[in-house]
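Asker: Here it is, the structure, as structure tokens.
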Ligand SMILES: [Zn+2]
């Protein structure tokens, strides 16, 4: 039996394939969960099994956006510590974060995912590393929220074991023992990780950062990930303070420290990577280590500007990240496309830093590469998963912008008329199809208030 086909036509198409192929007026045919064909002009006639034909006049079709770094739980602690640098911000927020529970995390994950999905994200990730004792099944709550929303998802099962008494930043009551962290991470992989082509859920091993994790947990975490064949994720080289911390504690900078613990490799991606010298970038390129570039969060916390043009020139895989919404209250990936371009043009490469098409590539194919899914998603090519977005560009905000890719990257956040994950539609006319947005808004507010009340009692 022929698979069910969806035909999308009369639209601009940016495939983000290896040649940046674009069609001013083209079509995309979906068959089941895959892309069957992409091309110029209208779709050919006489196709069997067409269940839906979308006249996408006035739209740009792109691969779905990919978010490579986030902390969903922070959705219910937005708007706090708004004028701090990273370390002061963390110290201000850890005591509140240490009081999260399963209901709070589920609501926060729903809020984070809803915001991303309605803004065109089809592959999301959550780096969750706060597991207070007795807080319930946080991993299960996050994965449930991803399934409800319908996005493809990577859970980076985080951990912290370097509390204040070990010279770390988090309070002792917010950290786990090494054995507990590793056992829970392995259980999450066994229960939830799917290695198949069309996987909706994958799990990565993700100790939080050099200043909240011991060398032993980093080393044993890397061994666990490689034994299980899953990816590794952490924060790296985010601030000058972190660099100083690494030099004082380990006698070397963050990249050398990561290399010494087995944390460079093509199965690793790291968030931020702001303070990298030429030899650090060369080490990432040599080992194939990926980067989650988070320009808005880096700006909000005054961390600095990552050297993305130099990374790309060296061949480092780079994707974009929203980062947690306690340091990027909007929680939208569109903003990161734009800010990646703007922020990097303020650096030494000026107008040559990034093009609008490179910004779109970072937010799509680059992200898929960093999450280890570039064979499956991140560009519109026959045989890949049908993860794509129809952006409406014919209204007031965008109708007079000459180039549709420039309209998407530089213009206002474009409305999403439709978003598909594996051929299944998850957004229609800017609204989520499988989750009640208004109910999510209410429950996130309730849970944020509950968390604030509990934290105020401490
Ligand atoms: Zn982060």
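Just so it is clear, none of the values below were taken in a lab; they were calculated from the coordinates. This structure is a prediction, so every number in the text was calculated from the model and none was measured. Every residue, glycine among them, receives a Cβ derived from its backbone with ideal geometry; neighbour counts consider all protein chains shown.
Asker: If you line up the long axis of helix 215-228 against the longest principal axis of the chain, both from Cα atoms, how many degrees apart are they, to the nearest 10?
Answerer: The two axes meet at around 40 degrees.
Asker: Report relative contact order for the range 271-403 in percent, whole number only (criteria: Cα-Cα under 8 Å, sequence separation at least 6).
Answerer: Computed over the range 271-403, the figure is 20 percent.
Asker: State whether the range 77-153 is rounded, prolate or oblate according to the following rule on the C-alpha gyration tensor (a ≥ b ≥ c being the square roots of its eigenvalues): a/c under 1.5 gives rounded; otherwise a/b larger than b/c gives prolate, and the remaining case gives oblate.
Answerer: oblate
Asker: Over the range 1-140, what relative contact order in percent results from Cα pairs under 8 Å that are six or more residues apart?
Answerer: 23
Asker: Can you give me the orientation-averaged projected area of the convex hull built on the Cα atoms of the range 299-458, in nm²?
Answerer: 12.5
Asker: How much length is gained if the chain between residue 244 and residue 137 is pulled fully straight, taking 0.36 nm per residue apart and subtracting their Cα-Cα distance, in nm to one decimal?
Answerer: Difference between extended and current length: 35.0 nm.
Asker: Nearest-5 percent of antiparallel DSSP beta bridges in the chain?
Answerer: DSSP beta bridges in the chain are roughly 45 percent antiparallel.
Asker: Taking the mean number of other Cβ atoms within 10 Å as a proxy for protection, how do you rank 87-96, 414-423 from highest to lowest?
Answerer: Peptide ranking by packing, descending: 414-423, 87-96.
Asker: Based on the Cβ-Cβ distance of residue 434 and residue 80, what FRET efficiency does E = 1/(1 + (r/R0)^6) give at R0 = 22 Å, to the nearest 0.05?
Answerer: 0.15
Asker: Would you mind pulling out the separation of the Cα centroids of the range 292-355 and the range 47-89, in Å?
Answerer: Going from one Cα centre to the other spans 15 Å.
Asker: Right, another one. Hey, what did the range 65-370 get for relative contact order, percent, Cα under 8 Å, at least 6 apart?
Answerer: Once divided by the residue count of the range 65-370, the mean separation gives 20 percent.
Asker: I'd like the antiparallel share, as a percent to the nearest 5, of DSSP beta bridges with both residues in the range 15-167.
Answerer: 45
Asker: Pairing the Cα long axis of helix 240-250 with the longest principal axis of the chain, what angle in degrees results, from 0 to 90 and rounded to the nearest 10?
Answerer: Around 50 degrees separate the two axes.
Asker: Let me ask something else about it. Given a Förster distance of 45 angstrom, what is the FRET efficiency for residue 47 paired with residue 355, based on the Cβ-Cβ distance and rounded to 0.05?
Answerer: In this case the efficiency is close to 0.80.
Asker: Using alpha carbons only, how many angstrom separate the centre of the range 180-222 from the centre of the range 374-421?
Answerer: With the range 180-222 and the range 374-421 each reduced to a Cα centre, they are spaced 32 Å.
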